[in-house]
Amino acid sequence: MLEQLATHRTLSEIGDHLYVSRNTVKTHTVSIYRKLLVSGRSEAVERAVELELLDVGPRADTQAVAGHR
């Protein structure tokens with residue numbers, strides 16, 4: 001889910017991509033925000049990169065590569 005937050009997909013599009021409901025995506029997103037101590041999507045991605053949980057190198061903006069899991 002964290003990798004998907006780094007894309008420009010909506011929560012509904014992320015759900016479609018992962019074959020889960022938008023509500024499931026929202027639940028996981030809120031949990032990620034809480035664990036990273038952030039309040040928004042871009043802040044979560046930035047914090048995840050700082051913690052080396054996510055690597056958003058020079059790739060297409062619809063893709064993200066997972067760092068350490």
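The lone criterion from (1) within 10 Å of the chain's Cα centre (by Cα); (2) at pLDDT below 95 left unmet by Ile32 is number (2). Which one is farthest from the chain's Cα centre (by Cα) among residues in the range 2-11 that are within 18 Å of Val49 (Cβ to Cβ) and open to solvent by less than 40 Å² (accessible area, probe 1.4 Å)? Here the residue is Thr7. All conditions in (1) modelled with pLDDT of 95 or more; (2) open to solvent by less than 90 Å² (accessible area, probe 1.4 Å) hold for Ala60, with the sole exception of (1). Candidates Thr24, Thr10: the one that is modelled with pLDDT of 95 or more and touching a Gly at 6+ places or on another chain (Cβ under 7 Å) is Thr24. Among the residues of the range 12-22, just one is over 10 Å from the mean Cα position of the chain (by Cα) and open to solvent by less than 50 Å² (accessible area, probe 1.4 Å), namely Gly15.
The values are calculated or read from the model by the stated rules, or taken from the named source; none is laboratory data. Here the structure is a predicted model, which means the values were calculated and not measured. Note that we place each Cβ from the backbone using ideal geometry, even for glycine, and neighbour counts take in every protein chain shown. Note: accessible area is taken over every heavy atom of the protein model, side chains too, but ligands, DNA and RNA are not part of it. Shrake-Rupley method; radii C 1.70, N 1.55, O 1.52, S 1.80 Å.
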